[in-house]
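Student: Input: one structure, supplied below.
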Amino acid sequence: MQQTFKRSFDELKNIVTMTETVFREEGLQPELRHVVDLATEELFVNMVTYNTESHEDILIQMKPHEHGVEVSLTDYNVERFDPTAAGHVDVDAPLSERSPGGLGLYLVMKMVDSIHYEYRNRQSSITFIVDRK
């Protein structure tokens, strides 16, 4: 299934509805759902927050993948930002020594089984896979 979403945080409820539909229609493992919802939400929010030069909708695709699900988010007419190359977050450092930001991407990288970034012709695509373990 694929669907486009406006660049608005108000779309988060519609994204959750899409995930719910895909999991139900494809018979996907329900225990994977919370990871898919969290990762999709974090990546979508980052696109809306940081890719402010674009006004185009964001495309989200979800489909079964072996023992899990594959999700792709594509943002159009944007500058390159590779979330897989984001700086290291020192989660052991005291709060007073940490810089704001980056924790959401850190959690996504830890929770998904694989993640891939591609940038071509001002089009930014992030694909992640969550598998039953």
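Student: Using a/c under 1.5 as the rounded threshold, could you call the stretch 2-131 rounded, prolate or oblate? The axes a ≥ b ≥ c are square roots of the C-alpha gyration tensor eigenvalues, and prolate needs a/b larger than b/c, oblate otherwise.
Tutor: Details: a/c = 1.70, a/b = 1.19, b/c = 1.43.
Here the stretch 2-131 falls in the oblate category.
Student: Also, I was wondering about something else. For every other residue with a beta carbon closer than 15 angstrom to the beta carbon of Asp10, add +1 if it is Lys or Arg and -1 if Asp or Glu, then tell me the sum. Kindly include the intermediate steps, with their values, before the conclusion.
Tutor: Details: positive: Lys6, Arg7, Lys13; negative: Glu11, Glu41, Asp57.
Once all neighbours under 15 Å are counted, the net charge is 0.
Student: FRET efficiency for Gln29 and Tyr50, Cβ-Cβ distance as r, R0 = 30 Å, nearest 0.05? Let's see the in-between values first.
Tutor: On the way: r = 31 Å, r/R0 = 1.05.
E between Gln29 and Tyr50, to the nearest 0.05, is 0.45.
Student: What does the charge count around Phe23 come to, taking other residues whose C-beta lies under 14 Å from its C-beta (Lys +1, Arg +1, Asp -1, Glu -1)?
Tutor: Working: positive: Arg24, Arg33, Lys63, Arg132; negative: Glu20, Glu25, Glu26, Glu31, Asp37, Glu70.
So the environment of Phe23 carries a net charge of -2.
Student: What list do you get for Tyr50, Tyr76 if you sort them by fewest beta carbons within 10 Å?
Tutor: Working: Tyr50 14, Tyr76 17.
Starting with the residue having the fewest Cβ neighbours, the order is Tyr50, Tyr76.
Student: Which aspartates and glutamates, on any chain, are close to Lys110 with Cα under 17 Å apart, when same-chain ones fewer than 8 places away are left out?
Tutor: Partners found: Glu31, Asp37, Glu41, Glu42, Glu70, Asp82, Asp90, Asp92, Asp131.
Student: Which whole-Hz couplings ³J(HN,Hα) result when phi for each residue of the stretch 111-122 is put into the Karplus expression 6.51 cos²θ - 1.76 cosθ + 1.60, θ = phi - 60°, listed in order with x for Gly and Pro?
Tutor: Once rounded to whole Hz, the list reads 8, 7, 7, 7, 8, 9, 10, 9, 10, 7, 6, 6.
Student: Kindly write out, for the stretch 16-27 in residue order, the coupling ³J(HN,Hα) from the Karplus curve 6.51 cos²θ - 1.76 cosθ + 1.60 (θ = phi - 60°), rounded to whole Hz, with x marking Gly and Pro.
Tutor: Karplus values, whole Hz, x for Gly and Pro: 4, 5, 4, 4, 4, 5, 4, 4, 5, 5, 8, x.
Student: Still on this structure: Considering amide H positions built from the backbone, and no H for Pro or chain starts, which residues 5 or more places from Gly68, or on another chain, come under 5 Å of its amide H?
Tutor: Amide H neighbours of Gly68, under 5 Å, 5+ apart: Arg132.
Student: Straight-line reach from Lys6: which aspartates and glutamates have a Cα under 12 Å away, not including same-chain ones fewer than 8 places off?
Tutor: In chain and number order, the partners are Glu56, Asp57, Asp75.
Student: Let me ask you something else. Ranked from highest to lowest mean number of other Cβ atoms within 10 Å per residue, what is the order of the peptides 20-32, 62-74? Each step should come with its number before you reach the end.
Tutor: On the way: 20-32: 13.8, 62-74: 18.2.
Output ranking for 20-32, 62-74: 62-74, 20-32.
All of the numbers you see were taken from the coordinates with simple rules; none came from a lab. Here the structure is a predicted model, which means the values were calculated and not measured. Virtual Cβ from ideal backbone geometry, glycine too; neighbours counted across all protein chains shown.
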